[in-house]
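Step one of this worksheet: look at the structure below.
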Amino acid sequence: MDDQSLDTLRRDFIAVADATYAFQGALKKRLREIDRKALNAQVLVKRHGKELAGYGVVAQAFREGAQAMQAAAEQVQKLINPLMLHFMETLRDAQQMESLRNIHNAATAHCPSLAERMRQHADMQDRHAAGSRRAGLALNSALDRFQSVIAELDYVVVNGRIEAALKGTVSAPLAQVSLEMDRSVSGVQELLRTYREQIEGIIE
């Protein structure tokens, strides 16, 4: 690995770390918002009783969808750490290999065991790079699942907005709750899309 490749690896690691930190913080906030809005929908249904009986199914689906989204997000979070660990190991291996290569070039005649040590480090680097690829695939699968959960909740939100529009005199607060839920879910969709765009070229 030459100096340019090592610099690229460093930049990739920093880019993934920065994108992941921003994604985790924003996602946590968005999920709290969605859970709160789902709870608000249930409270609204209880407050109005029979007038909103049909919307109760939607409100319950909101809450279940929010919980499913939280579970999918937790799986994503679990798989981010192994990816970052493998990335750090690969970067460390590459840096060590570069140092050994420089020493090797300067002292080959005086240190015959150095070639074997370099071979061992090269093997370790290959193993960690393979681990990074496996971790990346696992994370991508979890992100796919997360995307499908978001799509399911988005479908519920659309039904909720339709149901709210049919409720006549009590439709205003329902419409507001449904609109807020729609915005929150769209926010998570955009957050996930941005994160995937930031990391997909690096972790493939």
Taking loop as defined by DSSP and a crowding limit of 15 other beta carbons within 10 Å, which trypsin sites (Lys or Arg not before Pro) in region 5-45 fit? none
Fluctuation leader among LEU27, LEU143, LEU166 - the chain, Gaussian network, Cα springs under 10 angstrom: LEU166
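Within 14 Å, Cβ to Cβ, of ARG127, how many net charges do the neighbouring residues add up to if Lys/Arg are +1 and Asp/Glu are -1?
Values: positive: ARG92, ARG119, ARG133, ARG134; negative: GLU89, ASP93, ASP123, ASP126.
Here the count lands on 0.
Listing PHE23, PHE87, PHE13, PHE62 from the residue with the fewest other Cβ atoms within 10 Å to the one with the most, what is the order? Can you show the working numbers first?
Numbers: PHE23 20, PHE87 23, PHE13 16, PHE62 28.
Least to most surrounded, the residues fall as PHE13, PHE23, PHE87, PHE62.
For region 3-203, just say rounded, prolate or oblate: build the C-alpha gyration tensor, square-root its eigenvalues into a ≥ b ≥ c, call rounded for a/c under 1.5, and beyond that prolate if a/b exceeds b/c, oblate if not. Present the calculation step by step, with values, prior to reporting the outcome.
Values: a/c = 5.13, a/b = 4.20, b/c = 1.22.
Note, shape of region 3-203 comes out prolate.
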Full extension from SER186 to THR8: what is 0.36 nm times the residue separation minus their Cα-Cα distance, to one decimal in nm? 60.7 nm
Approximate spin-label separation ASP123-SER141, in nm, with each point projected 7 Å along Cα-to-Cβ: 2.8
Residue-averaged 222 nm ellipticity for the chain, from DSSP H runs of 4+ at -39500 (n - 2.57), nearest 500: -34000 deg cm²/dmol
With 10 angstrom as the radius, rank HIS48, HIS128 by how many other C-beta atoms surround their C-beta, starting from the fewest. HIS48, HIS128
Residue-ordered couplings for region 69-76, obtained by feeding phi - 60° into the Karplus form 6.51 cos²θ - 1.76 cosθ + 1.60 and rounding to whole Hz (Gly and Pro as x), are 5, 4, 5, 5, 5, 4, 5, 4
Residue by residue through region 23-40, which ³J(HN,Hα) values in whole Hz follow from phi under the Karplus form 6.51 cos²θ - 1.76 cosθ + 1.60 (θ = phi - 60°), with glycine and proline marked x? 4, 4, x, 5, 5, 4, 5, 5, 5, 5, 4, 5, 5, 5, 5, 5, 5, 4
Ranked by GNM mean-square fluctuation in the chain (Cα springs under 10 Å), the top entry among MET118, MET69, MET84 is MET118
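At a threshold of 8 angstrom on Cα-Cα distance, excluding pairs fewer than six apart, so keeping six or more, what relative contact order does the chain reach in percent?
Values: 185 pairs, mean separation 70.7, N = 204.
Result for the chain is 35 percent.
Quick note: the coordinates plus some simple rules give every number you see, no bench work behind them. Since the structure is predicted, the reported quantities are computational estimates derived from the model, not experimental observations. Methodologically, a virtual Cβ is constructed for each residue, glycine included, from the backbone with ideal geometry; neighbour enumeration extends over all protein chains shown.
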